[in-house]
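> Take this structure first; my questions come after.
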Amino acid sequence: MKILLINDDGIDAFGIRSLMRTLSKEHTVWVVAPDRQRSAVSKAMTLNMPLRAVPKEIEGVALAYAVDGMPVDCARLGLGNLVPEQPDLVISGINHGPNLGSDTLYSGTCAAAQESALMGIPTIAMSLDKRNPVHFETACAVTERMIGVCMRHPLPSGMFYNVNVPDLPVEELKGYRVTGLSLVRYKKTYEYREDPLGRPYYWAPRGRLMCDLNDDTDDAWMRKGYVTVTPMGFHSEALNAVDLSGEFGGEA
């Protein structure tokens, strides 16, 4: 297979490098990734300044570029300009840290995956639990299994598989769960600080507030040691969530 790798942690991150080493043994691997850390940029794109892609020599990889833009830029530039032909699959990750629940709205990993899916390519977003994870070999093994799943069970155009892996040895995984997203909220008050000159600034809050009491969610299952698989992306099934027919003179 021909596989394009993207991420938001940067082309030198251990997660994407682990995938390069693993997948290049059996597949043709192309890499188009940010030249630096770009986490939590969601669907941001570079529109009003030049976008530069620097070729990189990486052992085992057929083609690699470091892009001075966002993960979505990497998906669009890679698929539109840099790779020699359409890949069979795009993998975004392995992300350092989970992409669970409503956190996926902020995720550069998921944004790059969604962009690739919108361009008609089967896509998987891969994330490994913990901000400083250890068991990348587990995430690589799960990725290899998910490649088969993705090919046997293609999603509608615009949708992708969001996969989160516990940071555990492979033999300690409890199994797999196909599940929906959890609701996560954060402290809204930014921390007030002053620099050495007494000028005020604010630091983004890090306090995570779990608001979802449902045990059948990606967050709940992963905390129990399961790999979570969530099909997600562009769709309109939620249009019937509320009846607005009385609001617009029967035109809704």
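None of the figures in this text is laboratory data; all of them are computed from the coordinates on show. Since the structure is predicted, the reported quantities are computational estimates derived from the model, not experimental observations. So basically every Cβ, Gly included, is an ideal-geometry build from the backbone, and we count neighbours across all protein chains shown.
> Ordered by residue, what ³J(HN,Hα) values in Hz, to whole numbers, does the stretch 71-81 give under the Karplus form 6.51 cos²θ - 1.76 cosθ + 1.60, where θ = phi - 60° and Gly and Pro are x?
x, 5, 4, 4, 5, 5, 5, x, 6, x, 10
> Can you put V67, V54, V184 in order, fewest other beta carbons within 10 Å first? Before the final figure, lay out the partial values.
Details: V67 25, V54 11, V184 19.
Exposure proxy ranking, most exposed first: V54, V184, V67.
> Quote to one decimal, in nm, the extra length available between R206 and R21 on full extension: 0.36 nm per residue of separation minus the C-alpha distance between them.
Once the chain is fully extended between R206 and R21, it gains 63.3 nm.
> Looking at the stretch 1-65, what % of its DSSP beta bridges pair antiparallel, to the nearest 5? If you can, show how the numbers build up before the last one.
Values: 1 of 8 bridges.
Taking every DSSP beta bridge within the stretch 1-65, about 10 percent pair in antiparallel fashion.
> For a quick protection proxy, order the peptides 121-131, 166-176 by their average other-Cβ count within 10 Å, most packed first.
Details: 121-131: 22.8, 166-176: 14.2.
Order by mean packing, descending: 121-131, 166-176.
> Give K188/K224; K2/K174; K56/K130; K130/K224 a once-over and call out the pairs whose C-alpha atoms are over 24 Å from each other. Provide the component values of the computation, followed by the final result.
On the way: K188/K224 28 Å; K2/K174 31 Å; K56/K130 28 Å; K130/K224 14 Å.
Result: K188/K224; K2/K174; K56/K130 exceed 24 Å.
> In which sequence would T109, T189 go, from the one with the fewest C-beta neighbours within 10 Å to the one with the most?
Taking fewest neighbouring Cβ atoms as first place, the list is T189, T109.
> Between N162, N48, N214, find the one with the highest GNM mean-square fluctuation for the chain; connect C-alpha pairs within less than 10 Å.
Result for the chain, Cα springs under 10 Å: N48 fluctuates most.
> Please report S107, S42 as a ranked list, fewest other C-beta atoms within 10 angstrom at the top and most at the bottom.
Values: S107 27, S42 16.
The most exposed by this proxy come first: S42, S107.
> Moving on to the next point. Could the peptides 68-74, 98-104 be put in order, highest first, of the mean number of other beta-carbon atoms found within 10 Å of their residues?
Most protected by this proxy first, the peptides run 68-74, 98-104.
> Any chance you could tell me what percent of the C-alpha pair distances in the stretch 1-107 go past 15 Å? Provide the component values of the computation, followed by the final result.
On the way: 3338 of 5671 pairs.
Tail of P(r) above 15 Å: 59 percent of Cα pairs.
> Pull out a ≥ b ≥ c, the square roots of the eigenvalues of the alpha-carbon gyration tensor of the chain, then state rounded if a/c is under 1.5, prolate if not and a/b is larger than b/c, and oblate in the remaining case. Could you put the intermediate results ahead of the total?
Details: a/c = 1.27, a/b = 1.14, b/c = 1.11.
In terms of gyration-tensor shape, rounded.
> Can you run phi through the Karplus equation (6.51, -1.76, 1.60; θ = phi - 60°) for the stretch 220-229 and list ³J(HN,Hα) in whole Hz, with x for Gly and Pro?
Calculated HN-Hα couplings, in order: 4, 5, 5, 5, 8, x, 9, 6, 9, 10 Hz.
> Sticking with this structure for a sec: How would you rank 16-24, 82-90, 199-207, highest first, on the average number of other Cβ atoms within 10 Å across their residues?
16-24, 82-90, 199-207
> Quick one: if you take sqrt(5λ) for each eigenvalue of the C-alpha gyration tensor of the stretch 86-163, what semi-axes come out, biggest first, whole angstrom?
Working: eigenvalues 80, 47, 17 Å².
One finds semi-axes of 20, 15, 9 Å for the stretch 86-163.
> Further, regarding this structure: Just to be sure I understand: of the beta bridges DSSP finds with both ends in the stretch 26-138, what percent are antiparallel, rounded to 5? Numbers along the way, then the final one.
Values: 3 of 13 bridges.
For the stretch 26-138, the DSSP antiparallel bridge percentage is about 25.
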